[in-house]
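Throughout, read-outs are computed from the coordinates displayed, never taken from laboratory work. These figures come from a predicted structure and were not determined experimentally. Glycine gets a Cβ as well: all are built from the backbone with ideal geometry, and neighbour counts include every protein chain shown.
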């Protein structure tokens, strides 16, 4: 049987590994990707080392053991370079190819088109029995500023690769659309990436300028603030939640009869957690509803870093972030398509709590605070400036604008993505009120009328909202990969 996999990133890797564990022979698997397997845009081998993972390395199975085996001395940096993860993923792909030399092949090119045939799917005209799309992040989207920019300043429309930011002149004032994780990469690229040096403790560094930095970096954001800081692995802030308390919260979500009761488990767990650590649970309801504990975004970031590194007592913002993180696997199960709960209720809460949970590691948050204290980053723009994405204009006081908002998850239409083209062609469908490709529990795509599109499966970011929480390197969160592999394996004679 012939299987085509489009995309050689983490999702494609996990799927092929699972399939070949079940069926080591009798298959011909072609993996299409213009980059080396494992590299992708996010994990390019040649990107600078200061572009770090924003998740702890421990969630990637085998990664830390591989690092140690290569000679990396403990204690391991929990937020290593993305390029290092790329090399590890490449190592796993290479091992697979060595174990299955007659089965697994990398086709180093971008797929131009796929279409159904009488017995399967054609990839650029070549027929396969099964097709899996694991294409990851879209490279373009109609809502990026690069499309029809009319602002008075020059625009840097893409952050990655960060070498493109070389067009930002030293001494210039830079407005950045976005204040999240990509903004941090921009700020570090324009400082450390230009030869400046951060020295001293990771959580309270000093900065030695190179002289090529911009004069001022001004982030803009709809929320008007930065994301909360992830707790440092091994800290009390990261380990305070008792396992039994977490399990009780997960059980409450899984047993909830409606969306409200499922989501109420989050503030309840946050209050219980604060009682364990001696914090004040009084602000949980207010912050859960969308109010902020701190009016000033810099003060909020500074306090968040102090809590994340055990220098300040845990607070309600931290507790809600930890509760959302702990209960998220159950939220995935209950609010993805098969869970049957009201998705709009989940969306409203996720929009508020996501910035409290999925923020930067302490090392990067500390760099931003250092740059804020030096005046190289000016947070006043969070409240006063904006970049109007509808007309690409706004009262942005800057010499150059950088778009640090990436293409969104789900189906990106009007752009050259395979899932988007299949949706626009009417071959696969989406679900009302959700952005992603509709699919069955084994990742098989569904047609606009809800029928199975046999032989075509979609994993990861293009299915977001149909399956929630796809932006994770943890393959254990979503069962669709294993179910896809089991279904395909069952077809092999």
Item to check | 0 to 90° range, to nearest 10: angle between helix 243-255 axis and the chain longest Cα axis | outcome: 60 degrees
Checklist entry - So for the pair residue 286, residue 383, with labels modelled 7 Å out along Cα→Cβ, what separation do we get in nm? => result 1.7 nm
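Can you bin the stretch 315-438 into rounded, prolate or oblate? Criterion: square roots of the alpha carbon gyration tensor eigenvalues sorted a ≥ b ≥ c, rounded for a/c under 1.5, prolate for a/b above b/c, oblate for the rest. Intermediate results must be reported in sequence, preceding the final value.
Details: a/c = 2.56, a/b = 1.30, b/c = 1.97.
Taking the square roots of the gyration eigenvalues as a ≥ b ≥ c, the stretch 315-438 is oblate.
How high is the FRET efficiency between residue 313 and residue 76 when r is their beta carbon distance and R₀ equals 30 Å, given to the nearest 0.05?
Values: r = 28 Å, r/R0 = 0.94.
Here the calculated transfer efficiency is 0.60.
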Checklist entry - Radius of gyration and Dmax for the chain's Cα atoms, expressed in Å? => result 22.9, 66
Checklist entry - Which whole-number percent is the relative contact order of the stretch 194-255 (Cα, under 8 Å, 6+ apart)? => result 18 percent
Checklist outcome for this item: Ordered by fewest other Cβ atoms within 10 Å, a rough proxy for footprinting exposure, 111, 186, 16 read 111, 186, 16
Item to check | Shape category assigned to the stretch 158-197 from the gyration tensor of Cα positions, a/c cut at 1.5 | outcome: rounded
Checklist entry - If you find the alpha carbon centre of the stretch 94-143 and of the stretch 461-477, how far apart are they in angstrom? => result 20 Å
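Looking at the chain, what % of its DSSP beta bridges pair antiparallel, to the nearest 5?
Numbers: 16 of 45 bridges.
The antiparallel proportion sits near 35 percent.
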Item to check | Order of 130, 216, 454, 294 - criterion: other Cβ atoms within 10 Å of each residue's Cβ, fewest first | outcome: 454, 294, 216, 130
Item to check | Cut-off 15 Å, label 7 Å out along Cα→Cβ of residue 1, residues of the stretch 406-428 by amide N | outcome: none
Item to check | Cα long-axis angle, helix 259-277 against the chain (0 to 90 degrees, to the nearest 10) | outcome: 50 degrees
Checklist outcome for this item: Assertion target for 251, 139, ordered by fewest C-beta neighbours within 10 angstrom first, is 251, 139
Checklist entry - Label points 7 Å out from Cα along the Cβ direction at residue 373 and residue 91: separation in nm? => result 3.6 nm
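Once R0 is set to 56 Å, what does the formula 1/(1 + (r/R0)^6) return for the Cβ-Cβ distance between residue 126 and residue 197, expressed as a FRET efficiency to the nearest 0.05?
Numbers: r = 51 Å, r/R0 = 0.91.
Computed FRET efficiency for residue 126 and residue 197: 0.65.
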Checklist outcome for this item: Under the 7 Å Cα-to-Cβ spin-label approximation, residue 299 and residue 351 lie apart by a distance in nanometres of 2.7 nm
Checklist entry - Roughly what angle does helix 362-374 make with the longest principal axis of the chain, taking Cα atoms, 0 to 90 degrees, to the nearest 10? => result 40 degrees
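At a threshold of 8 angstrom on Cα-Cα distance, excluding pairs fewer than six apart, so keeping six or more, what relative contact order does the stretch 68-157 reach in percent?
On the way: 39 pairs, mean separation 8.9, N = 90.
10 percent.
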